[in-house]
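Read the structure below first, then the notes.
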Amino acid sequence: MIHLNVGETHQVALEENPSTGYQWEYEPTNLTHVSINKIHLPIERNVIGQTHEILFEITALQHGHEVITFKYCRAWEKDIEPINSKKITIKIK
């Protein structure tokens, strides 16, 4: 569980490999207590198949809590389970 005060920000760093079609997405997308900004960090060298880090910058907007699930999947594969996932709970004071 992550504890934040209103206005505070927390970053979640995840590695992805866009050449495979997989990318990190999050659910639910209609969050009310936090906002999320997805930041693609620059790739050091442009090498095919290279992984790179994605930052999800989570900002607390109002008191309450959110449960967010990050899923590593291909956007077009709707009926296939993600190959990786990470669930976090954020409590905002």
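The values are calculated or read from the model by the stated rules, or taken from the named source; none is laboratory data. The structure presented is a predicted model; accordingly, all values stated were derived computationally and were not measured. Cβ coordinates were reconstructed from backbone atoms using ideal geometry, including for glycine residues, and neighbour counts include every protein chain displayed. What goes into the accessible areas is simple: the full protein's heavy atoms, side chains included, and nothing from ligands, DNA or RNA. Shrake-Rupley method; radii C 1.70, N 1.55, O 1.52, S 1.80 Å.
Listed by chain and number, the aspartates and glutamates whose C-alpha is less than 14 Å from the C-alpha of Lys38, apart from same-chain residues fewer than 8 away, are Glu15, Glu16, Glu25, Glu27, Glu53, Glu57.
A probe of 1.4 angstrom, applied to the heavy atoms of all protein chains, finds Glu53 with accessible area near 80 square angstrom. Of the candidates Glu81, Glu57, Glu16, which one comes out as most mobile in a Gaussian network treatment of the chain with C-alpha springs shorter than 10 Å? Evaluated over the chain, the most mobile residue of the options is Glu81. Among Gln23, Gln11, Gln50, the largest mean-square fluctuation in a Gaussian network model of the chain, built with springs joining Cα atoms closer than 10 Å, belongs to Gln50. In the chain, the convex hull through the Cα atoms has an average projected area of 6.3 nm², a quarter of its surface area. Shown here for the chain: chymotrypsin sites (Phe, Trp or Tyr not before Pro) in loop regions (DSSP other than H, G, I, E, B) with at most 15 other Cβ atoms within 10 Å, namely Trp76. Among the trypsin sites (Lys or Arg not before Pro) found in region 1-92, those both in a DSSP coil and sparsely packed, with 16 or fewer other Cβ atoms within 10 Å of their Cβ, are Arg45, Arg74, Lys78. Phi angles of region 10-15 translate, via the Karplus equation with coefficients 6.51, -1.76, 1.60 and θ = phi - 60°, into HN-Hα couplings of 10, 10, 10, 9, 9, 9 Hz per residue; Gly and Pro are given as x.
Just the number, please: percent antiparallel of the DSSP beta bridges in the chain, rounded to the nearest 5.
For the chain, the DSSP antiparallel bridge percentage is about 90.
Per the 1.4 Å probe, what fraction of the accessible area of the chain, in percent, lies on carbon and sulfur atoms? Its accessible area is 48 percent carbon and sulfur atoms.
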